[in-house]
Amino acid sequence: MEEKKNKVGVYICYCGGNISDHVDVEEVRNRALKLPDVTVARTNMFMCSDPGQEMIIEDLKSGKIDRVVVASCAPSLHETTFRGAIERAGSNPFIYEHANIREQVSWVHHGDPATDKAAILIASATAKAKHLKPLAPIHVDAKRHATVIGGGIAGIKTALDIAGQGIDVTLIERSPLLGGQLNSLGQLAPYGDHASDILKELIDQVTGHTAITIHTNTKVEAVSGYVGNFSLNLLKKSDPENIPLTLDTGAIVMATGSVSYTPFKGEYGFGQYESVITLPELIRLLKANTSSRSMLEVNGKPIKNMVMIHCVGSRQIPGIHPPKENGTLNEYCSRTCCSAMLNAANQIRETFPETSIYEMYRDIRTYGRGQEELYMQASANKVVFMRYEADEPPEVSKNDDPDYPLQVRIKDGLTFNESLTVPADLVVLATGIEPNDVTNLASQMKLPIGTDRFLLEVHPKLRPVEFPITGIFLAGTCQAPMDSGEACNAAGAAAVKASALLSKGYIELDPFVAEVDTDKCQGHGACVEACIKEGALTLMEVINPDGNPVKQAQVTPAMCLGCGACAAVCPEGAIDINGWALKQYEDMVDAIVSDSVAV
Amino acid sequence: MSSVNLAFAKELKAYSEDTALECFNCGTCSAICPLVHDNFPRRMIRYIQVGAKDKILENANDLWRCLHCGLCTHTCPRQADPGEIILGLKRFVVANWRA
Ligand SMILES: Cc1cc2nc3c(=O)[nH]c(=O)nc-3n(C[C@H](O)[C@H](O)[C@H](O)COP(=O)(O)OP(=O)(O)OC[C@H]3O[C@@H](n4cnc5c(N)ncnc54)[C@H](O)[C@@H]3O)c2cc1C
Ligand code: SF4
Ligand code: SF4
Ligand code: SF4
Ligand code: SF4
């Protein structure tokens, strides 16, 4: 047999029938063996199993192959598995290419076309693999320091948990106080802990921690740099000369939280009648109340009959609810208000038994542990529930009765859709949660924002506290409505992610970034103009072999996104992406259109 | 359109068990009642909850179709005791018939 120049090994998986039920795997193997660069082609019931991986390791060790192609499921599942196997064989893990013949073939095609497509994808992966070269991960020194932006419960908890791992933390809060929204809450749903007790405990810990520096009254003006080496410009409000502070940090956690929705004037009589208040206002009143009377008092007036309206500024429906001036509509459920309303209702009914309560809801969403009990408790406390539909909300209007300045009319689903009028001397609106506006910071850091205006993680299940920008994380209600317990869960997760990233003092990044061929680069600078990531590519003066100064493009690997915008424009073909070179694409396309593996 | 009568619950206390507000309007009792239809007995219980005294008097005839088989009370997931409430309403209606 003639000696082949390249030695690609192809390993094809049955996936226990997932692939082999539709793809003739042995036929694919036979065709792969005929490819000019393939020296070994094998099949296995489960390539990811130990025996499957062992085949690769043996072939590498015995020198039969020097490039590996595995044809199996999606690379997101097992690419790292096979790279690991190659590493265990003592080879460079980047001589690996993947062909997805499950999601892209057996799950969507059947019979001969499936077999043909699998063979073609393998031919194309092989064509690419032969150009793979050993690469080294990009080594970036990382500052063992993290910065948390936002000093609510999520930010405080994140700072404490990172510092607990022996990493220095700076906590930045734009207001004068740590604690965020919990400062204005009283007894918390669902278990009745006092927000002030929780905050005191956490703030004592965070202010007493030697590894944590706190900046209150401080704004983040600018953010630059990359994972391990971010730089922040801070501005202290108290500084009369406005001299920005510079802070170097290895990782950033966004914990910028949220605010309670402000109703527009006239929304359920808000801003029109003084007896219409929001839920945060009611909570503040309850917190300040010291009266021992049997009726709740507001501004010195006893409240006999209180109406509570759910879903104000949440679960808004296009065409039914008017958008705000800036065009936004809150279509999401704020998740915390049902429980907070029931919690307040219970407190009132238990402390002021002469105050009656009517709760008007669309749905009761007491979703978490200990929350449904609040609803049961409210029923036992004789809270009267009424149900309205979004398109026929309750109407608040003036009442002629001097005892009850207001009346609320509702078409009540629980009373067979009859119209009922409830006389009231206090109306409380369950205003939901809206994210704090951080568009400026987000655009500087290139952080994605969802259509609901909350910050958007990489994946809601698989990577729930990470941004696509390496080294930046998120926690708490800047991400979505959640209660303080859930905000603390997220904080713990973000802290662990940030600590793990910074623990070694350096970070290894995938090497799939741009590289300049210094023999070819003429310093046109077209690539620098095309580059979408500030700081990834610069034109630098270098001394050429003749001793003359010339301009050439230079990549900062830690910043480069590997997008390839530069490679597409260079007239000299002098810049290319490691692992994804133009030549590789060309050969892949050639392999797909040639009939090398066709029947 | 009727106005919610806040005092009605107190008025009723003299005649009936005070469990109407335990009811969370699931309708199980109405589904199981073998004798009366159209949301009975839940309808009556709801009228108590919102204090719709006039509605109860208007629909009082239905009350006498209940034979107190006890199925509703037995099935109620909230221990609102609907059967007992219906009995109490009969007492109330008798007392208020000509009032
Ligand atoms: C009416 C109401 C009732 C509630 N009731 C309960 C309850 O009973 N039980 C419960 O568990 N939860 C309840 N919640 C939810 C609870 O308030 C939140 O879960 C909690 O406050 C979230 O904490 P956080 O740290 O994410 O955000 P926040 O508390 O909003 O804190 C964010 C902090 O970040 C700061 N910040 C924002 N932007 C910047 C910036 N650019 N730079 C620096 N700092 C910044 C803010 O000033 C703030 O201090 C309720 C919420 C509302 C609105
Ligand atoms: S938690 Fe309840 S009140 Fe709040 S938006 Fe959701 S359904 Fe409406
Ligand atoms: S690959 Fe993209 S980010 Fe990297 S240098 Fe080229 S254009 Fe810039
Ligand atoms: S007790 Fe009366 S209301 Fe209840 S199920 Fe029997 S007949 Fe119906
Ligand atoms: S079964 Fe009980 S809770 Fe359900 S509607 Fe009837 S009385 Fe109410």
Quiz item: Within the stretch A:401-412, how many residues turn out to be surrounded by fewer than 21 Cβ atoms within 10 Å (Cβ to Cβ), more than 9 Å from chain B (Cβ to nearest Cβ) and under 24 Å from B:R43 (Cβ atoms)?
Solution: 1
Quiz item: Is it the case that A:A255 is away from ligand 1 (no atom under 11 Å from the Cβ) and either more than 14 Å from chain B (Cβ to nearest Cβ) or within 22 Å of A:A154 (Cα to Cα) (or both)?
Solution: no
Quiz item: Quick one: which of A:T210, A:T216, A:T256, A:T246 is in contact (Cβ under 8 Å) with a residue 60 or more places away in the chain and more than 25 Å from the chain's Cα centre (by Cα)?
Solution: A:T216
Quiz item: For residues in the stretch B:42-79 being within 12 Å of another protein chain (Cβ to nearest Cβ) and polar (S, T, N, Q), which is nearest to B:W97 (Cα to Cα)?
Solution: B:N59
Exercise. Answer yes or no: is there a residue in the stretch A:296-311 that is outside the structural domain of A:T451 (by TED's automatic domain parsing) and under 26 Å from the mean Cα position of the chain (by Cα).
Key: yes
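Would you mind stating whether A:K533 is in contact with a Leu (Cβ under 8 Å, 6 or more places away or on another chain) and assigned to a loop (DSSP other than H, G, I, E, B)?
In short, yes.
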Quiz item: Is it true that A:S238 is assigned by TED's automatic domain parsing to the domain that holds A:S503, open to solvent by 70 Å² or more (accessible area, probe 1.4 Å), more than 16 Å from ligand 3 (Cβ to nearest atom) and in a loop (DSSP other than H, G, I, E, B)?
Solution: yes
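So, of the residues in the stretch A:510-539 that are of a type outside the set (S, T, N, Q) and over 36 Å from the mean Cα position of the chain (by Cα), which turns out to be surrounded by the fewest Cβ atoms within 10 Å (Cβ to Cβ)?
Here the answer is A:D519.
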Quiz item: Of the residues A:S334, A:S356, A:S379, A:S339, which single one is within 14 Å of chain B (Cβ to nearest Cβ), touching a Lys or Arg at 6+ places or on another chain (Cβ under 9 Å) and crowded, with 20+ Cβ neighbours inside 10 Å?
Solution: A:S356
Quiz item: Which of (1) touching a residue at least 60 places away in the same chain (Cβ under 8 Å); (2) within 17 Å of A:A255 (Cα to Cα); (3) crowded, with 22+ Cβ neighbours inside 10 Å is the odd one out, the single condition A:G179 does not satisfy?
Solution: (1)
Exercise. Quickly run through the stretch A:413-424 and pick out the residues that are crowded, with 22+ Cβ neighbours inside 10 Å and either among the aromatic types (F, W, Y) or more than 9 Å from chain B (Cβ to nearest Cβ) (or both).
Key: A:A424
Exercise. Spot the failing condition for A:K5; the list is (1) touching a strand residue (DSSP E or B) at 6+ places or on another chain (Cβ under 9 Å); (2) open to solvent by 60 Å² or more (accessible area, probe 1.4 Å), and only one is missed.
Key: (1)
Exercise. State which residue is nearest to ligand 5 (Cβ to nearest atom) when the search covers only the stretch B:39-69 and only residues that are open to solvent by less than 40 Å² (accessible area, probe 1.4 Å) and of a type in the set (A, V, I, L, M).
Key: B:I45
Self-check item: Within the stretch B:12-41, tally of residues that are free of Cβ contacts under 8 Å to residues at least 60 places away in the same chain, more than 9 Å from every other protein chain (Cβ to nearest Cβ) and either in a helix (DSSP H, G or I) or touching a Gly at 6+ places or on another chain (Cβ under 7 Å) (or both)
Solution: 5
Quiz item: Among the residues of the stretch A:425-448, is there at least one that is free of Cβ contacts under 8 Å to residues at least 24 places away in the same chain, within 14 Å of chain B (Cβ to nearest Cβ) and under 30 Å from A:I348 (Cβ atoms)?
Solution: no
Quiz item: Taking the stretch A:382-398 as the region of interest, how many residues are within 12 Å of another protein chain (Cβ to nearest Cβ) and either assigned to a strand (DSSP E or B) or open to solvent by 30 Å² or more (accessible area, probe 1.4 Å) (or both)?
Solution: 6
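The values are calculated or read from the model by the stated rules, or taken from the named source; none is laboratory data. Only a predicted model underlies this, so the values are computations on that prediction, with no experimental measurement involved. Glycine gets a Cβ as well: all are built from the backbone with ideal geometry, and neighbour counts include every protein chain shown. Each accessible area value is taken on the protein alone, full model and side chains, heavy atoms only, with ligands, DNA and RNA left out. Shrake-Rupley method; radii C 1.70, N 1.55, O 1.52, S 1.80 Å.
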